[in-house]
Amino acid sequence: SRVALAGASRNGACAAHAFAMLGVRSLILVDPDRDERHHLSATLGASLDGIDDWKVANRAASLRRIRPDLELETWNRRFPDSATLEAIAAVDLICTCTDDDLPRLAAARWANAHCRPHLDIGSGVFVETQSPGPSESSAPSGSTELRRKGLDVQLTLPGEACLSCMAGLRNEASAQDLLDGPPGLLPNEAALTWDEQRAGSLPTINAIAANLGVEMWLELLAGDLVASRWTRIEWEGSSGPRLTHHAPGPGPCRVCRPAQPARRNA
């Protein structure tokens, strides 16, 4: 199999190593960023020697130590551009491990247009502030923090489902404008740093998310998975993990199930 992977940080590094150890023939890594010191705590294959180097180059070095025979291609670019789209033309699976809606939507479009499955992997730790209820208003501590950990893994099949009609995107309209607009178009939303979107990342949760996603793909290859699947696992407060499965939304989807034009009577 040939796999394209957009995002070579925490989840992407886990997924890349899983693909390599399973024996895929080739792997294309796409990521525009460099490794930073804070990546060391949750990125498989990251090292002090690689700080300030391209993430894709560092992941490739780690993968080659495991699989010298693995066909590797690296692109330190933001997906998509003409070069990366040309590079992935013959892949069997496109996988996104990024919190950026632009490459996720672009991958969903590409997968549907080229009749390929799309695997999307995301995870995070989030902290929410809860105000005390009426009966708790006299509590000395005031508001409390609720820590949530979770992951979303979506494997979508072309013509049946995509990220837009499954879990959805945070700002699909902005991503749509950037994909359809002229080169150099600025986003119509303020850029958020990772710590404005979530409170952190855990290697334990990342590993579960990445390996769950890769396992879904193996089930697809084996013929055991025959429909799109979205799985969410959440840990909230002191409760144990809660697992839910979701189906694609009904009706048309402009990415993967466009509405058919009404027929006119002869």
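Observations
- Condition met for residue 63 (assigned to a helix (DSSP H, G or I), closer than 23 Å to residue 112 by Cβ and not polar (S, T, N, Q)): no
- Counting the residues of segment 35-56 that are outside any loop (DSSP other than H, G, I, E, B), under 23 Å from residue 88 (Cβ atoms) and without any contact (Cβ under 8 Å) to a residue 40 or more places away in the chain gives 1.
- Residue ID - nearest to residue 152 (Cα to Cα), chosen from residues in segment 12-30 that are assigned to a loop (DSSP other than H, G, I, E, B) and open to solvent by 10 Å² or more (accessible area, probe 1.4 Å): 23
- Contact map, segment 114-128: residues that are open to solvent by 30 Å² or more (accessible area, probe 1.4 Å) paired with residues that are not aliphatic (A, V, I, L, M), Cβ distance under 6 Å, separation 6+ or inter-chain. Pairs shown: 115/158; 126/148; 126/198; 127/145; 127/147.
- Contacts under 7 angstrom Cβ, first residue in segment 164-186 being open to solvent by 60 Å² or more (accessible area, probe 1.4 Å), partner at pLDDT 85 or above, 6 or more apart: 170/101
- Positions within segment 18-40 being of a type in the set (Gly, Ala, Ser) and either over 19 Å from the mean Cα position of the chain (by Cα) or under 20 Å from residue 107 (Cα atoms) (or both), in sequence order: 23, 26
- Restricting attention to segment 199-246, the residues that are aliphatic (A, V, I, L, M), outside any helix (DSSP H, G or I) and either open to solvent by less than 70 Å² (accessible area, probe 1.4 Å) or touching a residue at least 60 places away in the same chain (Cβ under 8 Å) (or both) add up to 5.
The values are calculated or read from the model by the stated rules, or taken from the named source; none is laboratory data. Keep in mind that this is a model prediction, so the values were computed, not measured. For neighbour counting, all protein chains shown are included, and Cβ atoms are generated from backbone atoms with ideal geometry for every residue, glycine included. Side chains included, ligands, DNA and RNA excluded: accessible areas come from the protein's heavy atoms. Shrake-Rupley method; radii C 1.70, N 1.55, O 1.52, S 1.80 Å.
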